[in-house]
Structure formats: structure tokens, C-alpha cells
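Please read the structure below before turning to the comments.
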Amino acid sequence: MRAGRIIFLLGALLTTVSQTGGIAETSSQASRRYFAEKNAVTRTLNVYNWEDYIAPDETVEDENGNKTTIKGLVSKFEDYCLEEYGEKVTVQYSAFDTNETMLAELKTGKGNYDLICPSDYVIQKMITDDLIVPFDEGSTPNYDKYVSPFVLNKINGITVDGKEGLVGQYARGYMWGTLGILYNDGFSTVKERGISAKEMQEDMNDWLSLWDKKYYNLLAIKDSMRDTYAVGIMKTYDKEFTELYEKYNNGELTADEYNAQLTEIFNRSDNETLDAVEKDLQDLKENAFGFEVDSGKTDMAKGSMFAINVAWSGDAAYAMDNADEFNEEGTDKPGFKPTILKFALPKKGANIWFDGWVMPKSVETNHNKDLAERFVDFLSMPENAAQNMEYIGYTPVIAGNDILKLVQSWYDLRYDEESETINNDYLDGLTKIDSEKIIDLPEEEKENYYYTKDISYFFDGTLEDDMSIDNAIFCLTADMKDRQFDTQYPDASVIPSLAVMEDFGPQNASVLLMWEAVKNTTLPLWAYILILVIAILLIGFIIGYKIYRYNLVKRRRMRKMKRAEYEKYSNMLYKTLTNQLLTNNS
């Protein structure tokens, strides 16, 4: 009886279907899952990440009302540990809102984390302050195989105490992107001021346009010290950036030389630079609608608040998607005007950033280093990175076939959904055009043209045999120029002009003081005079009112005293008359 039960269990295990992806488990996977669930001690991995920065469990409903749960990456990882390692693992997942909040918590010892996902400059701080431990060599084979060489080169190029390569030892990249300008060239006020779509598109290729008075009160600035400082740097040293750009285009500098010199200027933070940047940012503030932290992408999508927003690429893509959804909903409404958002990376230079996974020293105390490395490597599988990309909208540092296929399905006009292949027949009837000439096309004619874009710089060396690097050359209709695809994957021509903004080091406090001075409201002289006059009038009114009240009380007191004297006199007279009457009667 017992033997029959064992045979039954083994048969059931062999036919078990994995809940993580609908793929039949092998017998070894099923066996490990079964015995781990029955016998293993649960291990807990403590993960600290940004809010809404990983694909969660989702419940979807089909047209018949049937509900299906799609497991997120945390749940999938827990299943993966059971199936592949025979370990029962629970992920304790927490979220933070800013790098500074997370770092302060870590330094004060409030958090007991195994894995944290900070931004590039914070990783520098953590290495310098000896807060994290390096990854073991070979501990993340999927990451090593599929990370984009382009992004990895940027990561390894970041210096820590003058040394390159340390960040690549202590961190594994997660998401990456750029800081650019999100804009709406169809915004009502833009049209009212006589600014054409072509003119605005040309302007947005230069950071200086944000200071142009014709865009007064039409732009929102990021309420972020580092990001807005980056914009200020581009204005302050525009002359040097222009000279470098011209030298590069004239062939006097290689791409690496150009990027190295641009990055040096981009990361200046000496006191002289801070004074100049502060002045330029004060001027920018005078020209702006105001500051925003996270609401900008929603306001831009609605197309009602302002026309220009300094934005991270992930937020820009999110805003475009939302605007497109609003456009679909409003198509049938009388007088509806769609909001078409675009994204520009100014040609003279821009910021490229990445967030990455690091392990604080507590990972060793918790004996969870192997588990933390396993989690990072699991997220680095292209199919999992693709699920992340679909949900959060940001671009993973991971390349590989699954990512390329996903991006093809989103953007390449030749993609056939049924066969999941590229079909060049979809180009029939369209005219090819150079991407630089799209700006001259009338908006209504753009859907009749297509252009090609090569993003092989990102996928080179990461593709399997069934996909050629030629698949990284996309065909897009002209109306997609400067839209989601260009936002997520910058054109190869602008790559040399993208710089990583490093930690300010000993100048952090000075930069913070500068930023506080920029954010504090500075009023014009006439406003101070008006405030002084109002204050004097108010003080005069208060003094006058107090004098009035004093005199009023004094008059009341005098009347009261007179009444008291009158009553006293009346009483005395009454008493005298009464006594006289009594005397006469007697």
C-alpha cells in the first residue's frame, strides 16, 4: 500500500505543471519542490526597492469574466527556489520613495536588508562609506550573459575615489534611462504664441530653449536637486559643450574622447561653478510654470497644465502611453483635440542614469548572500526582464532575444502578431525617409512614410542563434519619431553625448545649499516695497485701533464714574428729604 502511494506521488510529480509559467516541470524539479515544501526550513530574503518598480501578481479577466492570476517576479522567484534548488524561500519585499530616505535608514541601522536597489550616485556613496559588499565572481551568470555591453561600459566607467570598475563589482544593473525634455508642440498656448510644431521640435534639441522667453510659464522644472542641476550645468557651460560638439562632428575627437571631456564638464561642482549654476537656475525658475516631483507626467498626459517638462525617459514613455489612452477615449467627443507628446535628448549633451542592485553588509550577517545573488540573476533572465519592462515601463539593462522580441512587437511596423515574425510586406505602399527629414513632413502625411533605426549598440553580443543582430534594425512610421521607441532607446548618434552624473562627494553640502537658495522664492524690488508699505499701514491701523479702543474705554469709564456720582448724590438727597419729612411729622 505504501509503495503504491509512493509510485502515485512520483507519477503525479512527473506530470506537475509549473504555476509560474505554464511549462511542465521536469521530474527533478517536481521532486525538489515536493520535498522542499514538506521538509525545508524557510529562508527569508529581505529586498528593498523603489515603489512600483517590479512586476507584481496580477489578476486579469477575459471577455467571459474568467479570472486568471499572473504571478509576479517575487512569487515566481519563490517558486523558482523550490523547483531549482529545493529551498523554501520567502521574499520580504519593502519599498522606499527616495534614495536619501533609504540611505539614511541604512546608515542608522534601522533596516536589515539583503538587497537594495539605489541609483548610480548612491552606489558610489555606499562603496566609499563601506556599506556594501561586492558580488562574487560568476555568481550572476544570466546577468553576465545578457547585460547590454553598452550599459555595462557606462557602469564600469563610473569612478569611485578615482578608480574605475568598482561599481561593476559592487552592483548589478537593473533599469536605465536618460533625462530629457518631454514636450507638447500642439499645446494651445504654444499655438497662440505663433510657435509652429517644427520650430518647437528644433528648439527642444537644445537645453537653452528652456530659458527662452517665448516659452515663459510653459515649462515645469523637476523638483530634484541633481536632475535640475544637470540642466543648469548644460546652460552654464553651453559654450564649452558647443565647442566639444563641433570638434566631435568635425572628426577632431573620437567618440570616447568626446564623451570623456563632456563628462568632466558635466560633473563640475566647484564653488565657482555652483555660483554660476545658481544664477542660471534662478533665471530658469523665473521662466517656469513651477516645480514638480511626480505629477508632471500626469499633467503632461492631460495636456492642460504646461507644454514642457524636464523628465526621466521612463516617466516620459508613461506620459505618452497615458496621453494615447486619453486620446482613444476622447476620439468621439465633439471638438476633441488629441495630446501628442514627444521626447527630446538635446544634442549637445544629456544625463544617462541607471539603478542597480547592491548587497548591504547585513546580507552576510543574515547568511543570505547566495540568495541575494540568485534573486538578481533570476531577474536578469531575459523573459523575466521582459515581464518587468511590460509592467513598470522603464527599460531594463538586460538585452537578449526576449527583450528584442517584445520591443519588436511594440514598435516595428513589420511585426506580424500571428506568426510573431517580421513581415516586410507591411512596408508596401510606404515611402522610406531619412529620420532627419521627418521634421519637414506635415503631421497628416507622416503615416505614409517610414524610417529605420538601428539599436544594435544595445543588443550586440547578447542574442541567441535564432536571432540576428540585424533584427535590432527597426522600421517605424514617421509619426513615431521622438515618441516611445526613441524615448526608451536613444538613437546611436546621441550615445557619445550621454554622461553619467556622479556623486558630488565633499561638495554635496554646498550643492544642497545652492539648491535651497534656488528653491526659496526671490521677489522683485517692487514686491518688497509693496510688502513694506502694507506692513506699515497694517501697523498704523493696529496702533490707531488700539488708541481708538483706549479712548472708547476711557469715555465709558468716565460715564460710569459720572453715573456713580449721580446715583450717590441722588441717594444722599433722597435720604435728606426723607429725614426732614420724618422730623416735620413728628
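So how much accessible area does Cys475 have, in Å² to the nearest 10, using a 1.4 Å probe?
10
Let's test the formula: R0 of 25 Å, r as the Cβ-Cβ distance of Thr128 and Asp52. What FRET efficiency results, to the nearest 0.05? Present the calculation step by step, with values, prior to reporting the outcome.
Working: r = 29 Å, r/R0 = 1.17.
Here the calculated transfer efficiency is 0.30.
Label points 7 Å out from Cα along the Cβ direction at Arg268 and Glu328: separation in nm?
Roughly 4.8 nm, to one decimal.
May I ask for the longest run of the chain untouched by chymotrypsin sites (Phe, Trp or Tyr not before Pro) that are loop-located per DSSP and have at most 14 neighbouring C-beta atoms (other than their own) within 10 Å?
Within the chain, the longest run free of exposed chymotrypsin sites (Phe, Trp or Tyr not before Pro) spans 337-586.
Can you give the accessible area of Met381 in Å² (nearest 10), computed on protein heavy atoms with a 1.4 Å probe?
Approximately 30 Å² for this residue.
Where does the longest stretch of the chain lie that holds no GluC sites (Glu not before Pro) found in a DSSP loop with 14 or fewer other Cβ atoms within 10 Å? All intermediate terms of the calculation are to be shown ahead of the outcome.
Working: sites that count: Glu51, Glu63, Glu137, Glu252, Glu417, Glu418, Glu420, Glu464.
Result, exposed sites excluded: 253-416.
Can you give the Rg to Rh ratio for the chain, taking only C-alpha atoms and Rh from Kirkwood? Spell out each step's value before the answer.
Working: Rg = 34.4 Å, Rh = 28.4 Å.
Result: Rg/Rh = 1.21.
Near the amide H of Gly186, under 5 Å away, which other amide H atoms are found, from residues 5 or more places off or on another chain, if H is placed in the peptide plane?
Here the answer is Ile340, since their amide H atoms fall under 5 Å of that of Gly186.
Keeping all protein chains in place, calculate the accessible area per residue for the chain (probe 1.4 angstrom), answer in Å².
Working: 30670 Å² over 586 residues.
Here the per-residue accessible area is 52 Å².
Mind checking the angle between helix 401-411 and the chain's longest principal axis? C-alpha axes, 0 to 90 degrees, to the nearest 10.
60
Can you give the translational diffusion coefficient of the range 56-182 in µm²/s, computed by Stokes-Einstein from the Kirkwood radius over Cα pairs at 20 °C and 1.002 mPa s?
D, rounded to a whole number, is 122 µm²/s.
In percent, how large is the relative contact order of the range 142-278, given Cα pairs closer than 8 Å and 6 or more residues apart?
Values: 66 pairs, mean separation 18.7, N = 137.
Normalised by residue count, the contact order of the range 142-278 is 14 percent.
Modelling each spin label as a point 7 Å along the Cα-to-Cβ direction, I'd like the Lys337/Glu257 distance in nm, to one decimal.
Result for the modelled spin labels: 4.9 nm.
Using Cα-Cα distances under 8 Å and only pairs 6 or more residues apart, what relative contact order does the chain have, in percent? Numbers along the way, then the final one.
Values: 853 pairs, mean separation 106.7, N = 586.
With pairs under 8 Å counted, the relative contact order is 18 percent.
Along the Cα→Cβ direction, 7 angstrom out, place labels at Leu532 and Asp161. What is the inter-label distance in nm?
Modelled inter-label distance: 5.4 nm.
Full-extension gain between Asn64 and Thr90, please, as 0.36 nm times their residue separation minus the C-alpha to C-alpha distance.
Once the chain is fully extended between Asn64 and Thr90, it gains 5.9 nm.
What is the extension gain from Asp299 to Arg555, computed as 0.36 nm multiplied by their sequence separation minus the C-alpha to C-alpha distance, in nm to one decimal? Each step should come with its number before you reach the end.
Details: separation 256, 0.36 × 256 = 92.16 nm, distance 6.17 nm.
Stretched out fully, the Asp299 to Arg555 stretch lengthens by 86.0 nm.
Which aspartates and glutamates have a Cα less than 13 Å from the Cα of Lys453, not counting those fewer than 8 places away in the same chain?
Correct list for Lys453: Asp412, Asp434, Glu436, Asp470, Asp482, Asp486, Asp491.
Straight-line reach from Lys285: which lysines have Cα under 18 Å away, leaving out those fewer than 8 places along the same chain?
Cross-link targets: Lys213, Lys214, Lys222, Lys235, Lys519.
Find how many whole Å separate the alpha carbon centroid of the range 419-477 from the alpha carbon centroid of the range 261-325.
Between the Cα centre of the range 261-325 and that of the range 419-477, the gap is 30 Å.
Tell me the carbon and sulfur percent of the accessible area for the range 57-165, rounded to whole percent, probe radius 1.4 Å.
Whole-percent figure for carbon plus sulfur exposure: 42.
Hey, got a sec? Which trypsin sites (Lys or Arg not before Pro) in the range 309-374 land in a DSSP loop and have at most 16 other Cβ atoms within 10 Å? Write down the numbers at each step before the final one.
Details: sites: Lys342, Lys347, Lys348, Lys361, Lys369, Arg374; in loops: Lys347, Lys348, Lys361.
The qualifying sites are Lys347, Lys361.
If the chain between Ile473 and Phe541 were fully stretched, how many nm would it gain, using 0.36 nm times the residue separation less the Cα-Cα distance? Could the numbers behind the result be given before it?
On the way: separation 68, 0.36 × 68 = 24.48 nm, distance 7.51 nm.
So the chain would gain 17.0 nm between Ile473 and Phe541.
The values are calculated or read from the model by the stated rules, or taken from the named source; none is laboratory data. Being a predicted model, the structure only gives us computed values, none of them experimental. For neighbour counting, all protein chains shown are included, and Cβ atoms are generated from backbone atoms with ideal geometry for every residue, glycine included. What goes into the accessible areas is simple: the full protein's heavy atoms, side chains included, and nothing from ligands, DNA or RNA. Shrake-Rupley method; radii C 1.70, N 1.55, O 1.52, S 1.80 Å.
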